[in-house]
Structures are given as structure tokens and as C-alpha cells.
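Every number in this text was worked out from the coordinates using simple rules, so none of it is lab data. Source: prediction; values computed, not measured. No Cβ is skipped: glycine too gets one built from the backbone with ideal geometry, and neighbour counts run over all protein chains shown.
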Amino acid sequence: MRVCVSLVEDGVKEAVAAGLIAQAKGADLLEVRFDKMTKLPEDLSAFRKLSLPRIATLRTEGQGGSSQHGDEERLRFFRRAIRIGFENVDIEYDSPLIYRLGRELRSVGLICSFHDFTGTPSKARIIDALITTASKGDLAKVAFRINNVGDLKRLLEAARLFSVTGNKFVLLGMGELGEITRSMSGAFGSAFTYASVEKGKEAAPGQPDVETLKALGDKPVITGLTGSPLGHSLSPAIHNAAYRSLKLPGQYLLFPATAAELPDLLYLVRELGIRGLNVTIPHKENVMRYLDDVDPLASRVGAVNTIVNKNGKLVGTNTDVSGLEKALLAAGADPRGKSVLVIGAGGAARACGLVLERRGADIWFTNRTASRAQEVAKGFSGRVAGHGDVAHMTFDMVVNCTPLGMQGFPDELPVDPQVFRAGQWAVDLIYNPPTTRFLEEAAKHGAKTLSGMEMLIYQAMDAFETWTGQRPPYEVMAAGARTG
Ligand code: NAP
């Protein structure tokens, strides 16, 4: 992948220094954002120290930059830049400078650019923007804010339609959902993409740093998470730590989507060759209808938390089951032959039921809605205990499969604390916060505790291995979760 580093420094000296760093980091082109400088420099000769092709940009405020200079000053500046040897200039599609510079532009490459920081228009208008910029410049650059999955789909379709013209272009999606237009710039037909020299020096929202992009290469493994809302998910930190540690050219991205957007998102997964997705609340059940196949384990649980793209065929599986089982065994909490109380009757409770059934536990379910507890108990050879009864019963293990105690939910105990006993295992599937009131209360009664963070890490390890064929080290993913 060809990467252009945007230099957003205050002055010439700083920009040249950052340019030299970008060159050492493997950049292919350098863009100097002169509009980011406190003062427009007269002497540009220091930029001759840079050996890579350079682009001079003086982005106007109307196009998302900081330049308030008048046309005369801008004209004089671009003449200086061309004279000093800048190989390319980037001028906004609506600027009269394109005509005023006229023949002077013959000796340089003209990047004609269009930006919309608010949203993405219809497919026809995206193509219009590409045609307009391509007709004025040697390279068309268009950038749109991606607000939803539909925006991203239209951008890909427009890129594919326009690419038949043979014109060179760069297409960028700004914002979280637009990141893939940078990581997979080749799949969107872009001649190159933009990066920062380091984190914190981004020229536009969602711009990755040059080392991250260069490490991805031309055919990166892209995986990610869908759900709504995704908030501050730990999964990118967990998975990206694994990609880095195994030196695999891959990236884990967030794809927030509503239920109605799932078909379009899965279209993009197939079309772009995204290797797979994790699925979280509220789509674990309703995503199943859009998949080509659901494996027996996920069918049994009635929920998919991992989608695998097998050459365009999307298969649903569930690594919550294996993740919970591995977390329990790693902690020395094998439920084999033990009596276990599961609180809840949703997808997590069903995954837990399957683990307990596999390990041969004596399974009890309790739930706010008793009828749902009956249903899930029937499915996993368990029995039902009323909320009021459990305090008088004895369990070797109690597992919270409700969101009570999770950040954003009521900080209430999901069960009467009298259920806790010394020597018993208390397992909470919640990982945010890592230590819940449920676990604190259980510990006070002398119970051994296991946080949902362990299950989160093991389910992530299993999903990563399913997608890449490589098993990431536990410690790497755990450290990723801690820093995430
Ligand atoms: P779900 O399908 O929505 O089920 C939620 C369950 O909790 C239902 O049984 C529901 O009871 C009960 N519940 C919800 N609010 C309640 C309340 N205010 N009082 C009493 N009960 C309540 O959710 P899920 O997918 O099973 O997930 C449950 C939890 O597990 C979530 O916190 C999730 O983050 C966690 N989880 C963690 C991991 C991990 O890797 N650590 C993996 C999966 C899930 P009703 O039937 O009465 O509605």
C-alpha cells in the first residue's frame, strides 16, 4: 500500500524534521500542510532535504483546513512551492487558482480535492465529485464523513463504478466507519492513502499513523466487531495487540451498525473480503438469518458471536462457549459434577448452559422472567429455581449471566447474597468493571471469584485463531485488555 504522510507541523524546520522521520518509517509520499503553520513561510528551500515526492497543500477553511489566506497570497505561495521543486500541489476543486496558475501547473502533478466533513451524499453525487476533481486535476481526491454503514456501501459502489474510467483517484472515508477505506485503500481503488507521522499528529479524523498502515501491506487481514452501541469496546485493543505480537499484517476495526444495517454490513464483509466479525449486543441472535450457515454449536446456543468469512460464505459460530469453558478450566473452576446456579436466561446463559452440560454439571437456572428460565433449563437438561428459593439452596458455583452490575446498568445484585458461601466459585460474565459488586459480595462470604474479563480474553483468542489460524498468546491479549 502506498502511504502519503501528512505533516501538520507549526513551521518549516519542524515539518522537515517530521518529514525525515516519515521517510525513515517507510512513507512513499509527503504532504506538507502549510495551512497548519502559524505563518506562511517565504523560504521553502529546506524542503529540498526531503527525498520523497512532496505535495504542497494550503487547505482552505471551507474544505476543512485552516488557511484564511486570500487568493493573491495563495497564488504567490503555490508559485514559490512549484519553483522550489514541490512535485505536486493540492488545490481545492472550487478554487480559481487552478485556472490562474494555468500553464504553471504543467510541471507539477495537480491533486484536485473535495471534502465533506458532514456526511456522504448519494452514489451519483459521489461520482459527480470524482468526475469534477478528475477533470481538473491529474489525481482526484475526494473525502467524505462516513456516518453509517450505508454511506460506506455507497462509497465502495461509487469507487467501483468510477474506476472503469481509468482515472487515478484517492477516496477517503472519515470517522470510525471510514477507517477501512484507509486500511484497505487498494480495495477502494485508491492510488494511495494518507497517514500521520505518529499518533496525535492526525490531519483528519480517523487517520492512522504511517507505521500501522505500512505494516498492513497490500492484503491485510481485517476483522472487527459489530453491535450497537459499541462505546469503548476493549476488543480492538485485545485483537490489535495480538496482530502486533504475532507480526501479522492485520487490523481489528469497529463497525457500529443498527439491526436494519446488518445486510449492508455483511455485503461489505463479502465484497471487501473482511476475514470475520465479532457480534455483540443486540445482534447476536438476529444476525443468524443473514448468514450462509450457522455451525451446530451456535445453533444450539441460538446466538452467534463470531462470523467467519470462508471465501465469501459467511458462517456463524460461538466462541463464548469455548471462551467460558477455557476461562473456568484455567482458573481451576471445573464445574464437572458440581451443582451450578446460572442467573439469567439470555444468550450468555445459554452459552453457559452448554458449557455446564458438556462438563456434566448439575445445572440450575434462575431468571427475572421465570418462563424464560423454564425454556432454557429444558434446552440444557437443567432445573429451575425461583429467585426467592436460591438463598436456601447450596451451590458449588454461581454464575451471573445478567447485565446487572455492568457499566451503564443498575448496580444491583442479581441474586440474594445469602446464596454465597465459603469455598464456592462466583463467576461474573461482566467484564466492565472487571470486579463487580456481585464478585465483591461473594468474596466477602469467602467465595473464590472469576471475572468476565477472563472469558472475554479466551473468547477473543478463539475467534482470532478461527480467523487467522494462529493462536495468540494469552498474556498479549490480557495486556491489550488492560491498556484498552
Ligand atoms: P441478554 O440476552 O439480553 O440476557 C440478559 C438476561 O439478563 C436476561 O435473562 C434478562 O432477564 C436478565 N436481565 C436483564 N436485566 C435485568 C434486570 N434489570 N434484573 C434482572 N434480570 C435482568 O444478554 P446476554 O447476551 O445474555 O448478556 C448478559 C451479560 O453477559 C452481559 O452483561 C454481557 O456483557 C455478558 N457477556 C459477557 C461475555 C464475556 O466475554 N465476558 C460474553 C457474553 C456476554 P429477562 O429474561 O427477564 O429479560
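At what distance in nm do the modelled label points of Arg471 and Asp10 sit from each other, each positioned 7 Å from its Cα along Cα→Cβ?
Rounded to a tenth, the inter-label distance reads 5.2 nm.
Which of the listed residues, Met37, Ser371, Leu262, is farthest toward the dipole's positive end in the chain, when Lys, Arg count +1 and Asp, Glu count -1 at the beta-carbon?
Of the candidates, Met37 comes out farthest on the positive side.
Using only Cα atoms, find the angle between the long axis of helix 123-136 and the longest principal axis of the chain, and express it within 0 to 90 degrees, rounded to the nearest 10.
Once rounded, the angle reads 30 degrees.
Non-local amide H neighbours of Ser190 (under 5 Å, H modeled in plane, Pro and chain starts lacking H): which ones?
Under 5 Å from the amide H of Ser190: Leu171.
Counting only the backbone N, which residues of the range 17-38 are under 20 Å from the spot 7 Å out from the Cα of Ala46 toward its beta-carbon?
The answer is 17-25, 30-38.
Compare the Cα positions of Ala463, Ala443, Pro473 along the charge dipole of the range 434-484 (+1 at Cβ of Lys, Arg; -1 at Cβ of Asp, Glu; about the Cα centre) and return the one farthest towards the positive end.
Ala443
So for the range 3-217, taking the charge dipole from beta-carbon charges (+1 Lys/Arg, -1 Asp/Glu), which of Ala27, Gly102, Val197 sits furthest toward the positive end?
Most positive-ward Cα: Gly102.
What distance in nm separates the two pseudo spin-label positions at Asp411 and Arg368, each 7 Å out from Cα along the beta-carbon direction?
Result for the modelled spin labels: 1.9 nm.
Can you give the local net charge around Ser299? Use residues other than it whose beta-carbon is closer than 12 angstrom to its beta-carbon, Lys and Arg +1, Asp and Glu -1. Mind showing how you got there, number by number?
Working: positive: Arg300, Arg350; negative: Glu285, Asp293, Asp295.
Net charge in that neighbourhood comes out at -1.
Of Lys39/Lys168; Lys153/Lys310; Lys141/Lys313, which sit over 31 Å apart, Cα to Cα?
Lys39/Lys168; Lys141/Lys313
Is the shape of the range 149-198 rounded, prolate or oblate, going by the alpha carbon gyration tensor and its root eigenvalues a ≥ b ≥ c, with a/c under 1.5 for rounded and a/b larger than b/c for prolate?
Because a/c hits 1.5 or more and a/b fails to exceed b/c, the range 149-198 counts as oblate.
For Val308, what charge total do you get from the other residues with a beta carbon under 10 Å from its beta carbon, if Lys and Arg give +1 and Asp and Glu give -1?
+1
May I ask for the distance between the Cα centers of the range 309-352 and the range 103-127, given as a whole number of Å?
Cα centroid of the range 309-352 versus Cα centroid of the range 103-127: 50 Å apart.
To the nearest 0.05, how large is the calculated FRET efficiency for Tyr290 and Ser381 if R₀ is 30 Å and r is the Cβ-Cβ distance?
The value I calculate is 0.45.
Obtain the radius of gyration and the Kirkwood radius of the chain from its C-alpha atoms and give Rg over Rh.
Values: Rg = 27.2 Å, Rh = 24.9 Å.
Result: Rg/Rh = 1.09.
Kindly state, to the nearest 0.05, the FRET efficiency for Leu20 paired with Asn311, given R0 = 60 Å and r defined as their beta-carbon distance.
Once the sixth-power term is evaluated, E becomes 0.90.
If you add up the charges near Gly323, with Lys and Arg at +1 and Asp and Glu at -1, over every other residue whose beta carbon is less than 11 angstrom from its beta carbon, what do you get? Before the final figure, lay out each step's value.
Numbers: positive: Lys326; negative: Asp320, Glu325, Glu454, Asp462.
In short, -3.
Would you please classify the overall shape of the range 3-217 from the alpha carbon gyration tensor, given that a ≥ b ≥ c denote the square roots of the eigenvalues, rounded means a/c under 1.5, and beyond that prolate means a/b larger than b/c while oblate covers the rest?
Judged from the Cα gyration tensor, the range 3-217 comes out oblate (a/c at least 1.5, b/c at or above a/b).
Quick one: putting +1 on the C-beta of Lys and Arg, -1 on the C-beta of Asp and Glu, what dipole do you get for the chain around its Cα centre, in Debye to the nearest 20?
So the dipole magnitude of the chain works out to roughly 1000 debye.
Specify the angular offset, from 0 to 90 degrees and rounded to the nearest 10, of the alpha carbon long axis of helix 452-468 from the longest principal axis of the alpha carbons in the chain.
The angle comes out near 60 degrees.
What does the extension gain come out to for Tyr99 and Thr38, with contour length at 0.36 nm per residue minus their alpha carbon separation?
Extending this stretch completely gives an extra 19.2 nm.
Mind ranking 50-63, 317-330 by how tightly packed they are, going by the mean number of other C-beta atoms within 10 angstrom, highest first?
Per-residue mean Cβ counts within 10 Å order the peptides as 317-330, 50-63.
Quick one: compute the contact order of the range 333-450, relative version, from alpha carbon pairs under 8 angstrom and 6+ residues apart, as a percent.
23 percent
If R0 is 41 Å, what FRET efficiency do you get for Lys199 and Ala124 from their C-beta distance, rounded to 0.05?
Efficiency, rounded to the nearest 0.05: 0.65.
For the pair Asp389 and Ser66, how long in nm is the line joining their label points, each one 7 Å along Cα→Cβ?
My value for the distance between the label points is 6.8 nm.
Quick one: check the C-alpha center-to-center distance for the range 242-265 versus the range 357-411, whole angstrom.
Cα centroid of the range 242-265 versus Cα centroid of the range 357-411: 32 Å apart.
Sort out for me the Cα centre separation of the range 181-225 from the range 1-45, rounded to whole Å.
Distance between centres, Cα-based: 18 Å.
When a/c reaches 1.5 or more, the comparison of a/b and b/c decides; with that in mind, is the range 333-450 rounded, prolate or oblate per its Cα gyration tensor?
Rounded, since a/c falls under 1.5.
How high is the relative contact order of the chain, in percent, counting Cα pairs under 8 Å that sit 6 or more residues apart? Spell out each step's value before the answer.
Numbers: 1034 pairs, mean separation 47.5, N = 484.
Once normalised by length, the contact order is 10 percent.
Rounded to the nearest 5, what is the percent of antiparallel bridges among the DSSP beta bridges in the chain?
10 percent
Is there a quick way to get the dipole size of the range 333-450? I mean about its Cα centre, with the Cβ of Lys and Arg at +1 and of Asp and Glu at -1; what is the value in debye to the nearest 20?
That gives a dipole near 320 debye.
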